[in-house]
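Trainee: This is the structure I have questions about; it appears just below.
The values are calculated or read from the model by the stated rules, or taken from the named source; none is laboratory data. All values reported here derive from a predicted model rather than from experimental measurement. No Cβ is skipped: glycine too gets one built from the backbone with ideal geometry, and neighbour counts run over all protein chains shown.
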């Protein structure tokens, strides 16, 4: 029960922080540089997560294998289709196929 209350408090706190930004800035227009910077936060966070997954395995450098080949498939599909959802799905399917193939 204690863990549940901690997660609940963290969720409420996170929501309150996000809501406060919306309420404080609802009548103001952001400068173009700030708006552009904020639009790049999501892709930067995704790139950091992917880089961490590709390069590190429990703090040690990851050897070349199925992770990297699946990433190459996902990159190829992303360049070809220009859709992130399809690219992530293709990478996941390629990763599963490579693991089933014993790589």
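Trainee: Applying the selection to the range 41-71, what residues are in a loop (DSSP other than H, G, I, E, B), without any contact (Cβ under 8 Å) to a residue 24 or more places away in the chain and surrounded by 10 or more Cβ atoms within 10 Å (Cβ to Cβ)?
Mentor: Within the range 41-71, 62 is the sole residue that qualifies.
Trainee: Here's another thing I want to ask about it. Here is a check on your reading of the model: is residue 26 closer than 29 Å to residue 83 by Cα and either modelled with pLDDT under 85 or out of contact with any strand residue (DSSP E or B) (no Cβ under 6 Å at 6 or more places or on another chain) (or both)?
Mentor: So residue 26 does not fit the description; no.
Trainee: I'm trying to understand the selection: among the residues of the range 45-68, which are at pLDDT 90 or above and in contact with a strand residue (DSSP E or B) (Cβ under 7 Å, 6 or more places away or on another chain)?
Mentor: Scanning the range 45-68 gives a single hit, 55.
Trainee: In addition: Looking at residue 30, is it without any contact (Cβ under 8 Å) to a residue 60 or more places away in the chain and either under 29 Å from residue 95 (Cα atoms) or in contact with a helix residue (DSSP H, G or I) (Cβ under 9 Å, 6 or more places away or on another chain) (or both)?
Mentor: Yes: the conditions hold for residue 30.
Trainee: Please state which one of 10, 78 is surrounded by 10 or more Cβ atoms within 10 Å (Cβ to Cβ), free of Cβ contacts under 8 Å to residues at least 12 places away in the same chain, part of a helix (DSSP H, G or I) and touching a helix residue (DSSP H, G or I) at 6+ places or on another chain (Cβ under 6 Å).
Mentor: 78
Trainee: Considering only residues that are surrounded by 10 or more Cβ atoms within 10 Å (Cβ to Cβ) and not in a helix (DSSP H, G or I), which ones fall in the range 14-30?
Mentor: Residues satisfying the conditions are 25, 30.
Trainee: If residue 95 meets every condition in (1) on the phi < 0 side of the Ramachandran plot; (2) without any contact (Cβ under 8 Å) to a residue 12 or more places away in the chain apart from one, which number is that one?
Mentor: (2)
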